[in-house]
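Enquirer: Below is a structure I'd like to ask you about.
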Amino acid sequence: MTTQSNIAAGWFPDPHGAPRLLRYWDGARWTEHTHPADGQQAVSGGSLFDQPVLVVNQKAKLIEVTNEYQVFDQHGATVGSVVQVGQSALRKVLRFVSSIDQYLTHRLEIRDAYGRPQLLLTRPAKFIKSRVIVQCPDGQPVGEIVQQNAIGKINFAMTAGGVQIGAIRAENWRAWNFAIVDQHGTEIARITKTWEGLAKTMFTTADNYVLQIHQRLPEPLLSLVVATALTVDTALKQDARGLG
């Protein structure tokens, strides 16, 4: 049994004796996070916010009534997820039988590899332009992502405290080319469907898109970049027409 606080964090056989079960040791104590001993998904030792590359798996379910994406590092280890929350039974029915759901309020949680909320996102009901409110798990404001135009290549401003600190520029929505820039217009990150560093056996371009962060970013810019990239399809996409 692993009981010493000098043991590095990681997955170990369950100390309570559960067969074929791993439990996560955080370096000081056992957590509530468990995983089957066979065929478990590798979990990255890093966080969502210290990765130079994030891969978002957007593979659709057979009947997709709730958005839920997995997020990996460039080596294929899980670093988080994006989960739509607060959907009523009626909302799920509406999504299944019509496209009206895309105009209603969306609430998303960005979670770490162990399911703990890292950011809360709310996209209020919209008609043409989208706006996403980004908050910490305790409700403290981080900033907003605000759509700037509705025709042509769509642009979004990233604001904090009412001041624009960056933007996302859709170069081609069909090809999933987005440049993320700071307040000076310098590219600091990029969203694409392809990246040479990804192992072909781990990822396919059909089911994933990639965020590449070019440099270490300060807060709240880093959180807004991650929020923008991880929710670009769910919260920010204009509609199914693939504008841009």
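Read-outs: derived from the displayed coordinates by stated rules, not from any lab. Everything quoted here is computed from the prediction, not taken from an experiment. Neighbour counts are summed over all protein chains in view; Cβ atoms, including those assigned to glycine, are modelled from backbone coordinates with ideal geometry.
Enquirer: Sort 171-182, 219-230 by packing, meaning the average of other beta carbons within 10 Å per residue, with the highest value first.
Expert: 219-230, 171-182
Enquirer: To the nearest 0.05, how large is the calculated FRET efficiency for T31 and T194 if R₀ is 45 Å and r is the Cβ-Cβ distance?
Expert: Rounded to the nearest 0.05, the efficiency is 0.80.
Enquirer: At R0 = 22 Å, how high is the FRET efficiency between D50 and H214 if r is their beta carbon distance? Nearest 0.05 is fine.
Expert: FRET efficiency, D50 to H214: 0.95.
Enquirer: Once amide H atoms are placed 1.01 Å from N in the peptide plane, what residues at a sequence separation of 5 or more from Q148, or on another chain, have their amide H within under 5 Å of its amide H?
Expert: Answer set, sorted by chain and number: N155, F156, A157.
Enquirer: Summing +1 for each Lys or Arg and -1 for each Asp or Glu, what net charge is found among the other residues whose Cβ lies under 14 Å from the Cβ of P218?
Expert: Once all neighbours under 14 Å are counted, the net charge is -2.
Enquirer: Using modelled backbone amide H atoms (1.01 Å from N, in-plane), which distant-in-sequence or interchain residues come within less than 5 Å of N177's amide H?
Expert: E171, N172
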